[in-house]
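Novice: Please read through the structure below; I'll follow up with questions.
Every read-out reported here was derived from the displayed coordinates using simple, explicitly stated rules and does not represent laboratory data. Because the structure is a prediction, the values reported are computed rather than measured. Reconstructed Cβ throughout: ideal geometry from the backbone, glycine too, with neighbour counts over all protein chains shown.
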């Protein structure tokens, strides 16, 4: 089966010859359809740069990124914009909902930007809102919603266009633990029921434990990879913590 | 201590205050200059009619000033609100340091007071300076001589300016106090994050408000059209108030009404970023409905004054043709009862003046009917006409038919045939008063020297019998010679027509003659065509200047306010555009969004102003009785182009800066 996302030996450099920083240093991995993959790492590990490159916000220095078989590293800007709208969905840490629009309209906006026919919009929104449990709050403005509700509205906006890949950047970063749990459960549900492919960047072990597979990054490289397999979430969480403690402070660092 | 805080913050935030401060000073300067107009008369040697004219203009300006002060007041309160908004965080810090609301409010009062005093001082100084050149200007336009140069300060205008601006600053202080006493500390500190709250939240309420506003405006239009322009009529004033309230309610309800209307049209609403545009505009118009009202009314005053002035100028230009039909005229001045009227021929001989052979001339007398136009027209006059005292109170002049035909022959016009029982009216007053037109239509007979004469032409001849320099309106009756035999002479006159000579030397000779008459106290005026036309054009030029000045300043200041609001909006909305970009909106979509939003924001108040102007022009047309003229003449077309260029220029600049603010974020 063709992978949804195929990252092929990408590198990203910042700075000039004398003083080069390798934000991403030769990373390769694949994500198949229906996978829920987490990317973990400390600040400065390159996880945000990786996400920016995949989301076409930033460009790679060398290497290729294939999404749905399409090489996005050689797309021109006009086609790139179209590609973003059609193939990618975004969920941000700070929700990024428009305060002037209702929840319903915020979700609709993703569809109108895509150029969806007006008559299909309502049914698409109702469907996704039902799945994320926000059907009752569709008429409300963001300031009337709780943080968790806002993030679920943002998630609805990301998946309503039926993208090939959903990119989530620290989605639980601004939520309390209860809201975070609810959100992650809806991610799991989307992943299971709709076969949505999700790539989630986080530094929080609890959040990461909801995914099927985790890439650990350090200094621009993939340092480790964990697959959940048949573990319970609790067991998986325990394994994550082990890796994190290894990542966070090596004995060699102390020396 | 508080004084020092206030003073230092005035100085520190001078960058923020600069526009505010300049606007204030400029407003004060303008206000004073125009209100001191009547005082300028003291340094001018002008004849009674010009002085009356100036007085009339000053009266109109003082009425306009009330409206202007509301406009300026609104602007200043708005600009102040804008500044306070930007300083909320600073006020919040004062509060966290334990300063009470009253003390903060006191600091703001001090600041407003300081700025107000400075602006008043500078504005008045500027205004007094500017108004000195006004007198020179008026002298030039009215062809009046300046008396010994005198520094004119109009204390009544200063008092008026201080009173009006004092009230404006007082309302700013009240406004600031309300803001400070209402806010919570958390709001002050988070001011940057907080959205402006919506005034009308219920969509149905805005529909009702919108409908009420339409009804109010309809009533206001109807009343104003029925009463006509009549500042002394309280019903007319009521219609103005209704218009203002109606406009305000229109802006309060408009956005909500259209939002609801367009939301029903799903194909429109769910297309591209339309819903975002609508929501943005809806919020902005809703929160700014007061300033939108002020801007719209300001644009209305601008458009109306510009079009009326142009229209009026066209009229004066038109009457100027008939006003001075001869190359030159001499007229004896008004003489007290019982005194001798000077003999023009004798005066010319005394001055050793000889006509050149190309100068055809005719001497004649104008007799007095013994009654004034006012008495003759009686019930046809209304309040507005009664203010034209000079023409209406003067006794009606009678001209003998043979004299009239002789002066017609001078300018090679055919002789008029009047039968023995008929009379003819010569007047252009119909250009000014619609009541006169009605009066003439119904006039059948006129009694001269006890004899009733039939009126031969229902439409008066609009060509004057002498060159009339100052007052552009005249009224004479031409009668068969025998009827006027026993009448008293009102004044003697001489008309001269140059048949193919050098106009320049003609002007020079007669100007010298006039000077000689003046020096020797001969009570005869000499008016050459050039001089008469110059004066007539001067009056209209003066009005044009006035209208253009006020109009363009208003146009620019409303455009500036709109621009300012949009740029504030731009920096407030940067995060929204960032979100749009993140969820995939293209640059083209975003630029279109900005364009639509700015366009609607500039277009709506303009459209409302145009709507008001259409009604206003109709009322003004009635007032000046110029039904026969279309305001959409060539100069009106040019004016429209200029207005659109200025306004459009501001719109485009705002659009570009908005784009760059969003792009650079």
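Novice: Counting other C-beta atoms within 10 Å, which of B:489, B:66, B:28 has the fewest, and how do the rest follow?
Specialist: In order of increasing Cβ crowding within 10 Å: B:66, B:489, B:28.
Novice: Answer rounded, prolate or oblate for the range A:98-162, using the Cα gyration tensor with square roots of eigenvalues a ≥ b ≥ c: rounded when a/c is under 1.5, else prolate when a/b is larger than b/c, else oblate.
Specialist: Cα axes put the range A:98-162 in the prolate bin.
Novice: Assuming R0 = 35 Å, what is the FRET efficiency of residue B:402 and residue B:371, from their Cβ-Cβ distance, to the nearest 0.05?
Specialist: 0.90
Novice: I would also like to ask the following. Cα atoms only, chain A: Rg and Dmax in Å?
Specialist: 18.5, 65
Novice: A further question on this structure: Could you tell me how far the Cα centroid of the range B:86-136 sits from the Cα centroid of the range B:570-584, in Å?
Specialist: 35 Å
Novice: Once you have the Cα-Cα distance between residue B:420 and residue B:591, take 0.36 nm times their residue separation minus that, and quote the gain in nm to one decimal.
Specialist: 53.5 nm
Novice: Taking each residue of B:580-590 in turn, how many C-beta atoms of other protein chains fall within 10 Å of its C-beta, and what is the average?
Specialist: Shielding by partners across B:580-590 averages 6.
Novice: Given labels modelled 7 Å from the Cα in the Cβ direction, how far is it in nm from residue A:206 to residue A:235?
Specialist: Between residue A:206 and residue A:235, the simple spin-label model gives 2.3 nm.
Novice: Continuing with this model, one more query. Ranked highest first by the average count of other Cβ atoms within 10 Å around their residues, in what order do B:409-421, B:452-464 fall?
Specialist: Ranking the peptides B:409-421, B:452-464 by packing returns B:452-464, B:409-421.
Novice: Hey, what number do you get for chain A at 222 nm if only DSSP H runs of n ≥ 4 count, each worth -39500 (n - 2.57), divided across all residues, to the nearest 500?
Specialist: Mean residue ellipticity, 222 nm, calculated: -12000 deg cm²/dmol.
Novice: Separate question: Gap in Å between the Cα centre of the range B:227-250 and the Cα centre of the range A:121-152?
Specialist: 48 Å
Novice: Right, next: Take each of the peptides B:114-125, A:61-72, B:559-570, average the number of other beta-carbon atoms within 10 Å over its residues, and list them starting from the highest.
Specialist: Result, highest mean Cβ count within 10 Å first: B:559-570, B:114-125, A:61-72.
Novice: Per-residue mean of other chain beta-carbon atoms within 10 angstrom of the beta-carbon, peptide B:270-282?
Specialist: 4
Novice: What does the highest-first list of B:154-161, B:354-361 look like by mean Cβ count within 10 Å?
Specialist: Sorting B:154-161, B:354-361 by mean packing, highest first, produces B:154-161, B:354-361.
Novice: Then there's this: Hey, how many Å between the Cα centroid of the range A:168-217 and the Cα centroid of the range A:11-66?
Specialist: Here the two parts' Cα centres lie 20 Å apart.
Novice: DSSP beta bridges in the range B:324-529, what fraction antiparallel, as a percent rounded to 5?
Specialist: Counting only bridges with both partners in the range B:324-529, antiparallel ones make up about 80 percent.
Novice: Ok, one more. Given a Förster distance of 41 Å, report the FRET efficiency between residue B:214 and residue B:55 from their Cβ-Cβ distance, rounded to the nearest 0.05.
Specialist: According to the calculation, E is roughly 0.55.
Novice: Follow-up question, since we're still on this one. List B:402, B:372, B:69 from most exposed to least, where exposure is judged by having the fewest other Cβ atoms within 10 Å.
Specialist: B:402, B:372, B:69
Novice: Looking only at other chains, what is the average number of their beta-carbon atoms within 10 angstrom of each beta-carbon in B:568-575?
Specialist: Across B:568-575, the average partner-chain Cβ count within 10 Å equals 1.
Novice: Give the calculated FRET efficiency between residue A:242 and residue A:181 to the nearest 0.05, with a Förster radius of 22 Å applied to their Cβ-Cβ distance.
Specialist: 0.50
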